[in-house]
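Trainee: The following block contains the structure, expressed as structure tokens.
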């Protein structure tokens with residue numbers, strides 16, 4: 001039994017290859033269920049259904065900072081921990097991320113070990 005097996009995770013990523021790769025990694029880690037969305041609207045519907053224990057949000061969706069907007073809306077409706085995924089380190093992105101209650105940022109490109117380590121810290125599960 002995986003240390004992540006009690007948890008459901010949501011990936012919000014608009015790049016199909018990144019989405020598929022991340023879903024594969026999280027499934028391999030043993031998450032109970034891996035939900036995937038490429039839009040803010042779909043992600044909010046999944047969150048509203050109350051099945052998510054942690055959300056991984058790409059900052060840029062469709063070339064705008066939709067991930068930050070989504071995080072702020074998630075913060076208003078739930079206590080779901082948020083981990084941002086981004087390849088951008090500009091000050092506007094950093095400021096936007098700072099406005100939300102989040103559990104950090106993983107810089108792209110990320111790897112299996114860095115994601116696993118960060119998720120274990122956030123979900124407070126031992127190896």
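Trainee: Mind checking whether some residue in the range 72-87 is more than 22 Å from residue 117 (Cα to Cα) and touching a strand residue (DSSP E or B) at 6+ places or on another chain (Cβ under 6 Å)? Give the steps one after another, and end with the answer.
Mentor: Filtering the range 72-87 for residues more than 22 Å from residue 117 (Cα to Cα) gives 72-78.
Then keep just the ones that are touching a strand residue (DSSP E or B) at 6+ places or on another chain (Cβ under 6 Å); that gives none.
No; the residues of the range 72-87 include none that is more than 22 Å from residue 117 (Cα to Cα) and touching a strand residue (DSSP E or B) at 6+ places or on another chain (Cβ under 6 Å).
Trainee: So which residues in the range 8-26 are outside any strand (DSSP E or B) and in contact with a helix residue (DSSP H, G or I) (Cβ under 6 Å, 6 or more places away or on another chain)? Walk me through it before giving the result.
Mentor: If we filter the range 8-26 for residues that are outside any strand (DSSP E or B), which is where we start, we get 13-26.
Across the range 8-26, the qualifying residues are 13, 25.
Trainee: With respect to the numbered conditions (1) within 19 Å of residue 114 (Cα to Cα); (2) in contact with a helix residue (DSSP H, G or I) (Cβ under 6 Å, 6 or more places away or on another chain); (3) at pLDDT below 95; (4) in a loop (DSSP other than H, G, I, E, B), which one is the sole condition not fulfilled by residue 2?
Mentor: Among (1) within 19 Å of residue 114 (Cα to Cα); (2) in contact with a helix residue (DSSP H, G or I) (Cβ under 6 Å, 6 or more places away or on another chain); (3) at pLDDT below 95; (4) in a loop (DSSP other than H, G, I, E, B), residue 2 violates only (2).
Trainee: List the pairs whose first member sits in the range 11-34 and is under 15 Å from residue 117 (Cα atoms), whose second member is in a helix (DSSP H, G or I), and whose Cβ atoms are under 7 Å apart, counting only residues at least 6 apart or on separate chains?
Mentor: As it stands, the answer is 25/112; 25/115; 29/116, since those pairs meet every condition given.
Trainee: Now for a different question. Residues being surrounded by 13 or more Cβ atoms within 10 Å (Cβ to Cβ) and assigned to a helix (DSSP H, G or I): count how many of those fall in the range 95-116.
Mentor: Counting residues in the range 95-116 that are surrounded by 13 or more Cβ atoms within 10 Å (Cβ to Cβ) and assigned to a helix (DSSP H, G or I) gives 5.
Trainee: Continuing with this model, one more query. Any residue in the range 27-38 that is part of a loop (DSSP other than H, G, I, E, B), on the phi > 0 side of the Ramachandran plot and surrounded by 13 or more Cβ atoms within 10 Å (Cβ to Cβ)? Talk me through it step by step, then tell me what you get.
Mentor: Here is the first cut: in the range 27-38, the residues part of a loop (DSSP other than H, G, I, E, B) are 30-32, 38.
With on the phi > 0 side of the Ramachandran plot added as a condition, the list becomes 30.
Next, from what is left, pick out any that are surrounded by 13 or more Cβ atoms within 10 Å (Cβ to Cβ): 30.
The answer is yes; a qualifying residue exists.
Trainee: Do we have any residue at all in the range 41-56 that's in contact (Cβ under 8 Å) with a residue 12 or more places away in the chain, farther than 14 Å from residue 8 by Cβ and buried (at least 18 other Cβ atoms within 10 Å of the Cβ)?
Mentor: no
Trainee: Please determine whether any residue of the range 47-56 is more than 12 Å from the chain's Cα centre (by Cα), assigned to a strand (DSSP E or B) and over 17 Å from residue 123 (Cα atoms).
Mentor: No; the residues of the range 47-56 include none that is more than 12 Å from the chain's Cα centre (by Cα), assigned to a strand (DSSP E or B) and over 17 Å from residue 123 (Cα atoms).
The values are calculated or read from the model by the stated rules, or taken from the named source; none is laboratory data. Because the structure is predicted, anything quoted here is derived from the model rather than measured. Positions of Cβ are backbone-derived with ideal geometry, glycine not excepted, and every protein chain shown enters the neighbour counts.
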